[in-house]
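Colleague: My questions will all concern the structure given below.
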Amino acid sequence: MSHNDEKKDRRRQKSVMGSYNYYKMFGCFNRKFKISDLGPPRDVIDIFNLYTKGESEMSPDNFLRFLVEFQREEGTTIDDVERIMERVLNMSRSHLTRYVFTVNDFFHYLMMDDVNEPIKTQVHHDMTAPLQHYFIYTGHNSYLTGNQLSSDSSEVPIIKALERGVRAIELDIWPNNAKDNIHVLHGRTLTTPVTLHKCLKSIKEHAFVKSPYPVIITLEDHLTPSLQAKVAEMVTSTFGDMLYYPKESDKDAFPSPDALKHQIILSTKPPKEYLQSKNAGKERSLVDKDSSSDELEDRRVSSLNIYSFHYDDDDVEDEKSGHKKDLEYKHLIAIHASKPKNGTRKALRDEYRKAKRLSLSEQALQRAANLYAVDIVRFTQKYILRVFPKGTRVTSTNFRPLTAWMHGAQMVAFNMQGYGRSLWMMHGMFRSNGACGYVRKPDFLMNTGPKGEVFDPKAPLPVKKTLKVKVYMGDGWRLDFSQTHFDAFSPPDFYTKLYMAGVAADVAKKRTKVIGDDWTPVWNEEFTFQLRVPELALLKIVVQEYDVDKDDFAGQTCLPVSELRPGIRVVPLHNKKGEKFKSVKLLMRFLFV
């Protein structure tokens, strides 16, 4: 280190050591708290010394060896190393004379979340398998801005979902009051409508800003044939060449995400259902196409029947004169959907089905998982299963998605406008594979044995991997929160909770000790997790501030274990809605043994 650099380091340390927080007590006197010196943890210093052989500077060769051996970043070159070092050094020095790291430079690199992130950021799964081989980032009632009963319908939450990487957008389509146009809204509720045209236009403009892989629009269709013909016209004119037209070969197998790049796919029930529902009685409103009897009963109890439609004799003429247009609409549906009319088990075992997508409520899935789990797995090897929240989740909460994923369900439909631990898990799963919205299902969910046997989610499983997680320290709250946000009279008392979510045998919960009165807590604690199905395990990380009455939320994230990069990594934290904080982060180490 040069003489000038040593002087800079001493000045920086002196300014930090001389810094204090002052808090007013009873409005009359100050309490003084020293701000901790944010230096590298002991492990970081030891690793630096190991790779420099005790020298005070780390050369590019030494840094390369650290990245390849300790961080397991195979394929890193000396050119990559020099680019990283140049960036780090240019941030801390006025001019660059040569590529060498001090221990503080090395620590600064480890805390940079855009180069030392905890999970892989590129698409790296095989994207050439048929569509049913993938978990698909799926929204439920994607147009709602809030709760399921009285919030506004809008294109804004659709745009937000697409910008997050969601690949399946759900639209409920209903006639407007004049029956001459199409509204999107949650039927039989007080939700306000938005026009279908606005929703389609927003999807076109934002579908591929986050990911090039296909966007599936699932339609809950409550329309007359003449309005279905209008949907066909609207869809074709809006999307043009982006719209995927089903091919003859699709009857045998779904195309792959790779083959469907930059394509919009329609999925709904074929429109022949209209006559059946009409014949059931003129005064009966059309039934929610993707709803189970449980959800319909929930809606009867919890909502007003605002949108019941009664069709007159003119509709019969529409059926006759609109027959050709009706077929045009039908021919745009690339993924035919159905619900289990004669029981879930029969629907799962129907090997000659015309429909390619089956929808179940969360309760129906749970019942099926308890009674005939293997049938679900076998079904999802050929077809797509969509699972949606029960109707009583009027505040847009969500269910735990692990049961659905464990049985191979590709489309776990979530209320993206809400927040909560289940939604954090959804965010975590779809950080996988470069956050492209498609995650290749583990092989065990797609494999078939010599006698046709498939994976049994209920069978006992051996431990496959052991993950060790060390929580070193946290930083950034001082920059992102006001001094009195957590406590009016003293600095915060932070602790970290680690949750392992996955199959029942993998579920675990750990927590660090509380570090009192410190904006930059140092824990240096290690925890061990034994995993039977690491492919579906999610590590939830939540930081809270201890309080006598109720602990305060201080940040969270959820990471797919299968994507974790071993070594010392910086982990950015997010708010309750999943939005990344500007500065708040943890320094952690991940080790698989």
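The values are calculated or read from the model by the stated rules, or taken from the named source; none is laboratory data. Treat the numbers as computed from the prediction; the structure is a model and nothing was measured. Cβ coordinates were reconstructed from backbone atoms using ideal geometry, including for glycine residues, and neighbour counts include every protein chain displayed. We work out accessible area using only protein heavy atoms, side chains counted, and drop any ligands, DNA or RNA first. Shrake-Rupley method; radii C 1.70, N 1.55, O 1.52, S 1.80 Å.
Colleague: What accessible area per residue, rounded to a whole number of Å², is obtained for segment 471-593 using a probe radius of 1.4 Å?
Modeller: 37
Colleague: Just to confirm my numbers, what's the Cα centroid distance between segment 134-178 and segment 361-420 in Å?
Modeller: 18
Colleague: How much length is gained on full extension from Leu591 to Arg349, taking 0.36 nm per residue of separation minus their Cα-Cα distance?
Modeller: 82.9 nm
Colleague: With every protein chain kept in place and ligands, DNA and RNA left out, what is the accessible area per residue of segment 328-424? Probe 1.4 Å, answer in Å².
Modeller: Numbers: 3780 Å² over 97 residues.
Each residue of segment 328-424 exposes 39 Å² on average to a 1.4 Å probe.
Colleague: Mark the label point 7 Å from the Cα of Glu328 along Cα→Cβ and return the residues of segment 180-218 whose backbone N is within less than 18 Å of it.
Modeller: In segment 180-218, the label zone of Glu328 (backbone N under 18 Å from the point 7 Å along Cα→Cβ) covers 180-182, 197.
Colleague: With θ set to phi - 60° and the Karplus curve 6.51 cos²θ - 1.76 cosθ + 1.60, what are the ³J(HN,Hα) couplings of segment 256-261 in order, to the nearest whole Hz, using x for Gly and Pro?
Modeller: Calculated HN-Hα couplings, in order: 8, x, 5, 6, 9, 3 Hz.
Colleague: Give me the percent of the accessible area of segment 66-174 that comes from carbon and sulfur atoms, probe 1.4 Å, all protein chains in place.
Modeller: For segment 66-174, the apolar C and S fraction of the accessible surface comes to 49 percent.
Colleague: Something else now. Extending each Cα 7 Å along its Cβ direction at Gln122 and Asp43, get the distance between those two points in nm, one decimal.
Modeller: So the label points at Gln122 and Asp43 sit 2.7 nm apart.
Colleague: Follow-up. Quick one: Karplus J couplings for segment 365-371, per residue in order, coefficients 6.51, -1.76, 1.60, θ = phi - 60°, nearest Hz, x for Gly and Pro?
Modeller: Coupling constants for segment 365-371: 5, 5, 4, 5, 5, 6, 9 Hz.
Colleague: Counting only the backbone N, which residues of segment 143-161 are under 17 Å from the spot 7 Å out from the Cα of Phe553 toward its beta-carbon?
Modeller: Within reach of a label on Phe553: 146-147.
Colleague: Of all accessible surface on segment 319-477 at a 1.4 Å probe, what whole percent is carbon and sulfur?
Modeller: Here it works out to 51 percent.
Colleague: Moving on to the next point. Can you work out ³J(HN,Hα) from phi for every residue in segment 512-528, in order, using Karplus 6.51 cos²θ - 1.76 cosθ + 1.60 and θ = phi - 60°, giving whole Hz and x for Gly and Pro?
Modeller: Working through the residues one at a time gives 7, 6, 8, 9, x, 6, 8, 6, 10, x, 10, 9, 6, 10, 10, 9, 10 Hz.
Colleague: Sticking with this structure for a sec: For segment 520-593, which GluC sites (Glu not before Pro) are both in a DSSP coil and crowded by at most 16 other Cβ atoms within 10 Å?
Modeller: When the GluC sites (Glu not before Pro) of segment 520-593 are filtered for loop state and at most 16 Cβ neighbours within 10 Å, Glu579 remain.
Colleague: Please identify every one of the trypsin sites (Lys or Arg not before Pro) in segment 459-534 that sits in a loop by DSSP and has no more than 15 other beta carbons within 10 Å of its own beta carbon.
Modeller: Answer in residue order: Lys464, Lys513.
Colleague: Another question, if that's okay. Please work out the FRET efficiency for the pair Asp241 and Asn177, using the Cβ-Cβ distance as r and a Förster radius of 35 Å; give the result to the nearest 0.05.
Modeller: 0.55
Colleague: State the percentage of accessible surface on segment 175-248 attributable to carbon and sulfur atoms; use a 1.4 Å probe and exclude ligands, DNA and RNA.
Modeller: Whole-percent figure for carbon plus sulfur exposure: 52.
Colleague: Moving on to the next point. Could you check the simple spin-label distance between Arg400 and Glu69, using points 7 Å along Cα→Cβ, in nm with one decimal?
Modeller: 4.2
Colleague: Here's something else I'd like to know. Over segment 143-277, average the accessible area per residue using a 1.4 Å probe and give it in Å², no decimals. Working shown, then result.
Modeller: On the way: 4970 Å² over 135 residues.
Heavy-atom accessible area per residue stands at 37 Å².
Colleague: Next question. Amide H of Ser361: which non-local residues (sequence gap of 5 or more, or other chain) have their own amide H closer than 5 Å, using H built in the peptide plane?
Modeller: It is Ser292, Phe388, by chain and number.
Colleague: Assuming R0 = 35 Å, what is the FRET efficiency of Thr77 and His262, from their Cβ-Cβ distance, to the nearest 0.05?
Modeller: It comes out at approximately 0.60.
Colleague: Something else now. Classify segment 54-184: rounded, prolate or oblate, from the alpha-carbon gyration tensor (a ≥ b ≥ c, eigenvalue square roots; a/c under 1.5 rounded; otherwise prolate if a/b is larger than b/c)?
Modeller: Prolate is the answer for segment 54-184, as a/c is 1.5 or above and a/b outweighs b/c.
Colleague: Mind giving me the nanometre distance, one decimal, between the label points for Lys510 and Glu526, set 7 Å out from Cα along Cα→Cβ?
Modeller: Computed distance between label sites Lys510 and Glu526 equals 1.0 nm.
Colleague: Given R₀ = 30 Å, what would the calculated FRET efficiency be for Asp61 paired with Lys465, taking r from the Cβ atoms and rounding to 0.05?
Modeller: Given R0 = 30 Å and the Cβ-Cβ separation, E is 0.40.
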